[in-house]
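Engineer: Have a look at this one.
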Amino acid sequence: MFHRESGYFKTTYMADMALYPLPIARWTVGVLVAVFLVMPPLVTGLTGGIAAEYYISIVNIIMIAVVGALGLNILVGYTGQISIGHAAFMSVGAYTAANLAVKLDLPFWVTLPAGGIMAAAIGVVVGIPSLRIKGLYLAIATLAAQLIIEWIINHVPWISGGSQASIEVPRPTIFGMELRTQRELYYFLLFFAVIAIIATLNIVRSRIGRAFIAIRDQDIAAEIIGIDIFRYKLIAFAISSFYAGVTGVLYTYYLGIANYENFLITTSIDYLAMIIIGGLGSVLGSIFGAIFVTLLPIVIRLFMESFGTLLFTTAELNNIIPAVRLSAFGLLIIVFLVLEPEGLNRLWRNVRSYFRVWPFSY
Amino acid sequence: MTVLRARRGVLVAAATAAFCAAGSALAQQKEIVVGVQCDRTGATQTVGVVLCPGLHDYIALINSQGGVEGHKIRAIEIDHEYKVPQGVESYERHKKEGAVSIALYGTPHTQALTAKLTEDKIPGTSPGFGTAAAADGKRYPYIFPIAATYWSQGAAAVKFTKDQLGGNLKGKKVAYLFYDNPAGKEPLPILEDLAKIEGFELRTFAVPAPGVEMGAQVLDIAQRFRADFVITHLFGRSPSVSIKEFKRVGYPLRKVVALVWGSAEADLEAAGGAKVAEGYNTLQFAGVGTDYQVHKDIIAMYKKQGKQPPEVMQSTVYYNRGILIGAVHVEAIRNALKAKGGNGTITGEDVKKGFEKIKGVTLGGLMPPLEITPADHEGGGWVQVFTVKGGKLTKQSDWFRAYPEVLKKHIEADAKKS
């Protein structure tokens, strides 16, 4: 946020290592948390129950996407290992959780970490080629993983639960309360999104995170200064896949069904788009990217619905909106990337540094 | 900079004003809202760009004739690009707009929304896709397949095969060529069961995604397996590829029958024109062609507005399916309004009961003799066979259904499983 750093002196190591060293940053985070906590009742008050469900549902989808984007950014943005198989790990998590929930009747606080751990285990296996190959070659190896996992889920009834390859899961329950509506699911998803954000912030400033960044910037140099590349690359795959698995589980509980068609290669590409637009190697960037990619089509459609009627009839609009939406989406992505190749996060930092010394230019 | 900022401010203000205006305008109108999910840009866009206009045209026709029991219907379409998160978002949007019924589109979307629809008590239709077991209205109270499910289609295809092969399948060889995804595999249990009952040899040939490479499978069917008949169940681009491949290996297309998503004019054209596909048999859950009164009415409606009827009307397979979906929703709303004695407010629950009373709506033969009941949300599972003859899809059979006892057994078994 907009603040100046001068005048604060750190006298303990604790203060130096705090996640938010400045009081104003802590305040900002506190306010943000408060805003998110009161959002559902606030939106309900402003717009009425049914409309609020709609707006909250958009936030819910964004929160799920945030978890997935954070995971992919750890692997691609921080460690520099390209993966096109992110959606496949989500499906691993989703089906693990769904099978545990249906066959063994386990609650979500068991199935959710189980889904993540299963995805992490598979992710480590898929990550093995990264020890030998890099860049585009690794991308193709992970693409193979995506297709293999898709095929296995589709063809092993024991996993997929029959020829439809979809498993209905019961709604998550907390203290005997079943979470059904978007507003109830909101807090469920918010809890995990916040945990994911805090965990990522801490991972990337720990020894592990520094090792990831060293590997990304120059792997040979990293090895020479004593980073075990073998270990850390696999850790990166494991952590990233864990996030993906959790994302898959969240999707499953959110929709009430595990279905592999939610996790096809197009989903992987969507997530790559999120982190590239948001900013590689940045936590805030993952969040911005998830918001941008999820929200932009919706905003374009609302805009077209409001203004399009001035120029076209409804029947024409039905035909035009989808086309405009896709092309505007593509165009805006290009515009943003030309404007700032390092993503939305960098744009945000530029705005910040401008206001930091405002009204002076430097 | 200041000018720019000021201009931006004006734009934002204008946008906000427009949003508010749109919102308040909605609140004033007494309309009945139907949510329409569509895919005009995603994986199955060839279907959406024809099917959705058909639906809208039918609703517009009804509105131009004074609406349903004096109520206008507003169909809000949202394109979800065949992506599930967008499908969920569009569902919540429809709910916000007060939709009393929703025309779903896509198998994964139907499955993802089944629980929500039931909780929110809004009926959704899934003609020709979704889960076959959803025909069981007791188990899925708010999902209405309203047309033959993949199970019914599979059974009907076997029945057609039997008729074509002289009324006896004993010792015959039937090949099943299918797109290797859940929808493609869904008819398998029915086919396997019928193979035992009718005593034919069934062999399955999977076509992996994206479904444009099936030379080996078709060659296998024609020359190694030497199938007496082929049932195909393909989507998107792959039906046209299958027609080409059968042509190439010299397998007669009159011995091929395609389930409902491999049977449009567009598929024939992509295969090289309807002349190439001479003999190809297709299953249909709505009538094909322009020879129906409702077509003439829609053309008259456009003429009256001083406009040309849209070109998509010529793609009658999907266009007519759009009409069918629209008609079923309109009938359900009509029944709901009648039950309320015609006064205003109906809920999703009323429309659900309205769906369950649909009977005897045929639109001059475009629709099958649907009879939807609280127990049977499929409405009978009727199909018609249209065969390519003289460069045109021509009616080959009347509405029929097959092996209801086998289907019933499977639906019951599926209900017990969960």
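The values are calculated or read from the model by the stated rules, or taken from the named source; none is laboratory data. This one's a predicted model, so the numbers in the text were calculated from it and none came from an experiment. Neighbour counts are summed over all protein chains in view; Cβ atoms, including those assigned to glycine, are modelled from backbone coordinates with ideal geometry.
Engineer: Among the residues of segment A:340-362 satisfying the criterion of being within 24 Å of the chain's Cα centre (by Cα) and hydrophobic (A, V, I, L, M, F, W, C), which is nearest to the other protein chains (Cβ to nearest Cβ)?
Structural biologist: Within segment A:340-362, the match that is nearest to the other protein chains (Cβ to nearest Cβ) is A:V351.
Engineer: Mind checking which pairs have a first residue in segment A:336-352 that is farther than 15 Å from A:I287 by Cβ and a second that is part of a loop (DSSP other than H, G, I, E, B) and modelled with pLDDT of 85 or more, Cβ under 6 Å, 6 or more apart or different chains?
Structural biologist: Between residues of segment A:336-352 that are farther than 15 Å from A:I287 by Cβ and residues that are part of a loop (DSSP other than H, G, I, E, B) and modelled with pLDDT of 85 or more, the close pairs are A:E342/A:G279.
Engineer: Looking for whichever is more than 22 Å from B:V383 (Cβ to Cβ) and either surrounded by 24 or more Cβ atoms within 10 Å (Cβ to Cβ) or in contact (Cβ under 8 Å) with a residue 12 or more places away in the chain (or both) here; the options are B:V257, B:V230, B:V218. Which one fits?
Structural biologist: None of the others qualify; the one that does is B:V218.
Engineer: Tally the residues that are among the aromatic types (F, W, Y) and at the interface with chain B (Cβ under 9 Å from one of its Cβ atoms), restricting the search to segment A:46-80.
Structural biologist: Of the residues in that region, 2 qualify.
Engineer: Going residue by residue through segment B:72-80, is there one that turns out to be more than 19 Å from the chain's Cα centre (by Cα), more than 11 Å from chain A (Cβ to nearest Cβ), over 23 Å from B:Y319 (Cα atoms) and surrounded by fewer than 24 Cβ atoms within 10 Å (Cβ to Cβ)?
Structural biologist: Within segment B:72-80 (the criterion being more than 19 Å from the chain's Cα centre (by Cα), more than 11 Å from chain A (Cβ to nearest Cβ), over 23 Å from B:Y319 (Cα atoms) and surrounded by fewer than 24 Cβ atoms within 10 Å (Cβ to Cβ)), the answer is no, since none of the residues qualifies.
Engineer: Identify all residues within segment A:129-150 that are at pLDDT below 90, assigned to a helix (DSSP H, G or I) and aliphatic (A, V, I, L, M); write none if there are none.
Structural biologist: The answer is A:L131, A:L136.
Engineer: Name the residue, out of A:F230, A:F175, A:F242, that is among the aromatic types (F, W, Y) and either within 19 Å of A:V67 (Cβ to Cβ) or modelled with pLDDT of 95 or more (or both).
Structural biologist: On the way: A:F230 fails: either within 19 Å of A:V67 (Cβ to Cβ) or modelled with pLDDT of 95 or more (or both); A:F175 fails: either within 19 Å of A:V67 (Cβ to Cβ) or modelled with pLDDT of 95 or more (or both).
So the residue among A:F230, A:F175, A:F242 that is among the aromatic types (F, W, Y) and either within 19 Å of A:V67 (Cβ to Cβ) or modelled with pLDDT of 95 or more (or both) is A:F242.
Engineer: Examine segment B:236-243 for a residue that is closer than 21 Å to B:T46 by Cβ, touching a His at 6+ places or on another chain (Cβ under 6 Å) and assigned by TED's automatic domain parsing to the domain that holds B:P210, and state whether such a residue exists.
Structural biologist: no
Engineer: Would you mind listing the helices (runs of 4 or more DSSP H) fully within segment A:18-113 where at least 1 residues are buried (at least 24 other Cβ atoms within 10 Å of the Cβ)?
Structural biologist: Filter on segment A:18-113 gives A:49-72, A:86-103.
Engineer: If you take the residues of segment A:257-281 that are surrounded by fewer than 24 Cβ atoms within 10 Å (Cβ to Cβ) and assigned to a loop (DSSP other than H, G, I, E, B), which of them is farthest from the other protein chains (Cβ to nearest Cβ)?
Structural biologist: Among those residues, the one meeting the criterion is A:G281.
Engineer: Quickly run through segment B:279-311 and pick out the residues that are within 20 Å of the chain's Cα centre (by Cα), under 24 Å from B:T161 (Cα atoms) and of a type outside the set (A, V, I, L, M).
Structural biologist: B:N281, B:T282, B:Q284, B:F285, B:G287, B:G289
Engineer: Applying the selection to segment B:112-136, what residues are within 14 Å of B:E349 (Cβ to Cβ) and surrounded by fewer than 23 Cβ atoms within 10 Å (Cβ to Cβ)?
Structural biologist: Residues satisfying the conditions are B:T118, B:E119, B:D120, B:K121.
Engineer: Still on this structure: So A:M17 ticks every box in (1) closer than 29 Å to A:R356 by Cα; (2) at pLDDT 85 or above but one. Which box is left unticked?
Structural biologist: It is condition (2) that A:M17 fails.
Engineer: Would you point out which residue out of A:L310, A:L337, A:L331, A:L317 is surrounded by fewer than 15 Cβ atoms within 10 Å (Cβ to Cβ) and over 26 Å from the mean Cα position of the chain (by Cα)?
Structural biologist: A:L310
Engineer: Answer yes if at least one residue in segment B:268-291 is outside any loop (DSSP other than H, G, I, E, B), touching a Pro at 6+ places or on another chain (Cβ under 8 Å) and crowded, with 24+ Cβ neighbours inside 10 Å, and no otherwise.
Structural biologist: no
Residue-by-condition table, conditions (1) farther than 20 Å from A:G162 by Cβ; (2) in contact with a Pro (Cβ under 6 Å, 6 or more places away or on another chain); (3) part of a loop (DSSP other than H, G, I, E, B); (4) not aliphatic (A, V, I, L, M):
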site: B:A134; (1), (2), (3), (4): no, yes, no, no
site: B:Y140; (1), (2), (3), (4): no, no, yes, yes
site: B:Q153; (1), (2), (3), (4): no, no, no, yes
site: B:K159; (1), (2), (3), (4): yes, no, no, yes
site: B:A183; (1), (2), (3), (4): no, no, no, no
site: B:P189; (1), (2), (3), (4): no, no, no, yes
site: B:I197; (1), (2), (3), (4): yes, no, no, no
site: B:L202; (1), (2), (3), (4): no, no, no, no
site: B:E213; (1), (2), (3), (4): yes, no, yes, yes
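Engineer: Still on this model: Got a sec? Which of B:A103, B:A17, B:A25 is more than 8 Å from chain A (Cβ to nearest Cβ) and modelled with pLDDT of 90 or more?
Structural biologist: B:A103
Engineer: Take the residues of segment A:117-157 that are touching a Lys or Arg at 6+ places or on another chain (Cβ under 7 Å) and either within 14 Å of chain B (Cβ to nearest Cβ) or buried (at least 17 other Cβ atoms within 10 Å of the Cβ) (or both): which is farthest from B:T204 (Cα to Cα)?
Structural biologist: The qualifying residue farthest from B:T204 (Cα to Cα) is A:S130.
Engineer: Right, another one. Just need a number here: residues in segment B:323-357 that are in contact (Cβ under 8 Å) with a residue 40 or more places away in the chain and either within 22 Å of B:G287 (Cα to Cα) or part of a loop (DSSP other than H, G, I, E, B) (or both).
Structural biologist: 15
Engineer: Can you find, within segment B:321-333, the residue that is farthest from B:L366 (Cα to Cα) among those that are within 10 Å of the chain's Cα centre (by Cα) and not small (G, A, S)?
Structural biologist: In this case the residue turns out to be B:I325.
Engineer: Let me ask something additional. What number goes with the only condition from (1) within 30 Å of B:G98 (Cβ to Cβ); (2) more than 14 Å from chain B (Cβ to nearest Cβ) that A:A114 does not pass?
Structural biologist: All conditions are met except number (1).
Engineer: What about A:S241, is it polar (S, T, N, Q), more than 26 Å from B:G42 (Cα to Cα) and surrounded by 24 or more Cβ atoms within 10 Å (Cβ to Cβ)?
Structural biologist: Details: polar (S, T, N, Q): yes; more than 26 Å from B:G42 (Cα to Cα): yes; surrounded by 24 or more Cβ atoms within 10 Å (Cβ to Cβ): yes.
In short, yes.
Engineer: Among (1) without any contact (Cβ under 8 Å) to a residue 12 or more places away in the chain; (2) of a type outside the set (D, E, K, R); (3) under 23 Å from B:A264 (Cβ atoms), where does B:F178 come up short?
Structural biologist: Tallying (1) without any contact (Cβ under 8 Å) to a residue 12 or more places away in the chain; (2) of a type outside the set (D, E, K, R); (3) under 23 Å from B:A264 (Cβ atoms), B:F178 fails exactly one: (1).
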